[in-house]
Amino acid sequence: MALAASSVSNLLHFAVSSDAKAPRIGSVQLLNWPHASSSGVNYLRRGCWMKPINSQSQRNNLFVPLAVNTIASEVVEKAETVDYDGLAKDLENASPLEIMDQALEEFGNDIAIAFSGAEDVALIEYARLTGRPFRVFSLDTGRLNSETYQFFDAVEKHYGIHIEYMFPDAVEVQGLVRNKGLFSFYEDGHQECCRVRKVRPLRRALKGLRAWITGQRKDQSPGTRSEIPVVQVDPVFEGLDGGIGSLIKWNPVANVDGKDIWNFLRTMNVPVNPLHSQGYVSIGCEPCTRPVLPWQHEREGRWWWEDSKAKECGLHKGNLKQGDIPQLNGNGNGTPPVNDIFISQNLVNLNRTGIENLARLGNRKEPWLVVLYAPWCQFCQAMEGSYVELGEKLAGSGVKVGKFRADGEQKEFAKSELQLGSFPTILFFPKHSSKAIKYPSEKRDVDSLMAFVNALR
């Protein structure tokens, strides 16, 4: 599925369930529905729910300009105050089905499920089980795996729905690629590309809604999602009425473990993305997603070259705490105050002068193995045990084992002089050569690292 041309980049294609009551575009009748305005945690909601008249099922009839404001002859308004903080507490122990049912009942046609093409297909199944009409949208970045596009098609056929595909602006994509190339995110972080291909299309989609439903779970990303409520006023995006408080965000599976989601999908015989069977857990764009090992967290398969602990593309930026924001790109020079790692008497702690001297030497007395690290990086933390153990095994062997903290003010130097691409980077300095050899593998267990050293010393 190719990236849509700019002429369709602003079109909205509603995913509507096969229920006869599901809204279609055409002649519509507007009934009561509330909306939000900002004032503390109580939001006054006023709006309308579209009921179809002579609706048609053809896909072409479902395309409308985004955030369309359809006007009909019958409009009845009502207002009510909702405390969403209180509602979140009330629903804290509710089932995903109960939360989904309340969301769909409350917002009718003004709410839609955000579907990423991964295990969040569970949201669509829960919506189906409520028996209510529902809508689904997805962001087609133009860089998804072919398996994900095939999965979209399978989901549409399984549920008898049409998914709304939101596309990035073709002119913006063209400008980004022409100026910075197809893979600039490997060099300067993923945020710029995500902003063009995901965040801005999402912003356009949400401007046509009063609420949206996401598949966020607390266990997906302990650094950014551990405190998400089941329902909240969206802290970042605006809805149909504009302004703070105009969009409500529902997270029905916030309190569900990933393994329970998968048990649900298997029990209900729900189609899943074939990438999951290939080791992919968290699925995004093809260049930025890869399989993870059994012991790795699911988010380690996303933007793996970056050193950031706050792995969000911007769709859920409101999850980030203030201290995390400067680290979003994984390429900032901020140095969070955290305890040092790789503490061992068998490891030499190199400063800037020490690593510069080591790199310049063309005839060393012994070879060196050095890790370039940042103590706050979860991947560095994950390999601490194996690297310390390696230092113990190599003690007295004639191979020196060291570490160099390469974040903060040292990062640009490490990138230009020490081949730093992402944390951790492991370098072997041979005995009779000035050129360092970069460890090429993501396997950082003791045996793999020892095999690398033995092959070169």
* Mean Cβ count within 10 Å, highest first, over the residues of peptides 369-381, 413-425 -> 369-381, 413-425
* Rounded percent of accessible protein surface that carbon and sulfur make up, segment 84-319, 1.4 Å probe -> 50
* Can you tell me the dipole magnitude for segment 70-193 around its Cα centre, using point charges on the Cβ only (Lys, Arg +1; Asp, Glu -1), in Debye to the nearest 20? => 500
* Find the accessible area per residue for segment 348-455; the probe is 1.4 Å, ligands and nucleic acids are left out, and the unit is Å². => 45
* Nearest-20 debye value, segment 84-319 charge dipole, Cβ charges on Lys, Arg, Asp, Glu -> 460
* Could you go through segment 385-399 in sequence order and give the Karplus-derived ³J(HN,Hα) for each residue, using 6.51 cos²θ - 1.76 cosθ + 1.60 with θ = phi - 60°, rounded to whole Hz, and x for Gly and Pro? => x, 5, 6, 5, 5, 4, x, 5, 5, 8, 4, x, 8, x, 10
* Can you run phi through the Karplus equation (6.51, -1.76, 1.60; θ = phi - 60°) for segment 233-250 and list ³J(HN,Hα) in whole Hz, with x for Gly and Pro? -> 6, 4, x, 10, 9, 10, x, 4, 8, x, x, 5, x, 8, 9, 10, 10, 9
* Structure fact -> To the nearest 20 debye, segment 151-195 has a Cα-centred charge dipole, built from +1 on Lys and Arg Cβ and -1 on Asp and Glu Cβ, of 80
* To do: For G402, enumerate residues with amide H under 5 Å from its amide H, sequence gap 5+ or separate chain, H modeled in the peptide plane.
  => V348, L369, V370, V371
* Asked: Using Cα-only point scatterers and the Debye equation, what is log10 of I(q)/I(0) for segment 348-455 at each q in 0.19, 0.22 Å⁻¹, rounded to two decimals?
  -> -0.96, -1.32
* Using modelled backbone amide H atoms (1.01 Å from N, in-plane), which distant-in-sequence or interchain residues come within less than 5 Å of M166's amide H? -> S138, L139, D140
* For segment 348-455, give the percent of accessible area contributed by carbon and sulfur heavy atoms, probe 1.4 Å, rounded to a whole number. => 47
* Hey, what do the phi angles of segment 421-435 turn into as Karplus ³J(HN,Hα) couplings, whole Hz, using 6.51/-1.76/1.60 and θ = phi - 60°, x for Gly and Pro? -> x, 8, 8, x, 10, 10, 10, 10, 9, x, 5, 10, 8, 7, 7
* Asked: If you take every DSSP beta bridge whose two residues both sit in segment 348-455, what share of them, in percent to the nearest 5, is antiparallel?
  -> 45
* Quick one: which residues, 5+ away or cross-chain, put their amide H under 5 Å from the amide H of I426? H built at 1.01 Å from N. => L372, Y439
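The values are calculated or read from the model by the stated rules, or taken from the named source; none is laboratory data. These figures come from a predicted structure and were not determined experimentally. Quick reminder, even Gly has a Cβ in these numbers, built from the backbone with ideal geometry, and neighbours come from all protein chains shown. Keep in mind that these areas ignore ligands, DNA and RNA; they rest on the heavy atoms of the full protein, side chains included. Shrake-Rupley method; radii C 1.70, N 1.55, O 1.52, S 1.80 Å.
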